[in-house]
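Everything on this sheet refers to the single structure shown next.
A short reminder: the numbers here are calculations on the coordinates, not readings from a lab. Predicted, not measured: the structure shown is a model, and the values here were computed from it. In this analysis, Cβ positions are derived from the backbone assuming ideal geometry, glycine residues included, and neighbour counts consider all displayed protein chains.
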Amino acid sequence: MNSGQYSQRPVAGGMMRAMHQHPSFLDALRHDMADKRIDILRQIGQGGSISQAARAVGVSYKAAWQALDTLTNLAGVALVERVVGGVGGGGARLTAAGDQLLAAADAMQQARTVVLQRLDGSEVAQAVAARLALRTSMRNQWPCIVQGMHASGQIVRVHLRGAGELAASADGLAVYSRITRESAELLGLRPGVPVQALCKATAVRVLPAAVAPAAPGANHWPARATRVSRGELGDEVSAQLDAGVQMVGFAAPQSRLRVRSRVVMAADESAIVLAFEGA
């Protein structure tokens, strides 16, 4: 190959050849623009380098690749292609679909700005609108603030506090989540950042308080049952946490729990998903 010639191929080569050429930009843009994935894509378009984009956005090279993999999977088409040869040995550039995704992201951000301006500057209305925009099958959702983070290898343990009036009290909601270091970088997590904590109802275990006392420093929440629905695979229990928020989980079949029973709701830290409310 001559030095002036270029060879282009999708970054995700084999996988992208198996995908149909019908971009799904809506899926790729469902996440809040505070997520750094779109920023990484934009930097690649401007600088032609994945490593340079990672440095510009402030994430690791590995995190930048994770961002591209996620966006590519969501869009269903290649967004970046390698350019081999030429001055400097080549690099990366956006495909036509990548350019279209950035244009769609800009349009969505402009539309969002207009909607928020129509809320007359009401911080409460804006916060509620942002939370309602998050569509998910997870029934347990709580607005939280990042209190602290502890990294150990590739895992980051995130300590969250509830952001609502009841949940934010001294005895309010405390949640712990374990995520990868790359995810923490891409989300830009740091103490003081507001996030949504989410958990599937099926991931929450409901135990009688008498046999499972709440443990501090863990996802063990003392509560009182407000609704109990019997089931062959498990009894669904809705409960009012002492921390002031609602939670739904499952007890063992024929648990004998009743309305007003004292219970402990428990969830693994890896079951807590973090998402941005919007900005």
(request) Along each of the three principal axes of the Cα atoms of the stretch 199-271, give the extent in whole Å, ordering the values from largest to smallest. (result) 32, 24, 22
(request) Please order Val193, Val263, Val175 by the number of other Cβ within 10 Å, starting at the fewest. (result) Val193, Val175, Val263
(request) Apply the Debye scattering formula to the stretch 140-279, with a single equal point scatterer on each alpha-carbon and no solvent, then give log10 I(q)/I(0) at q = 0.19 Å⁻¹. (result) -1.04
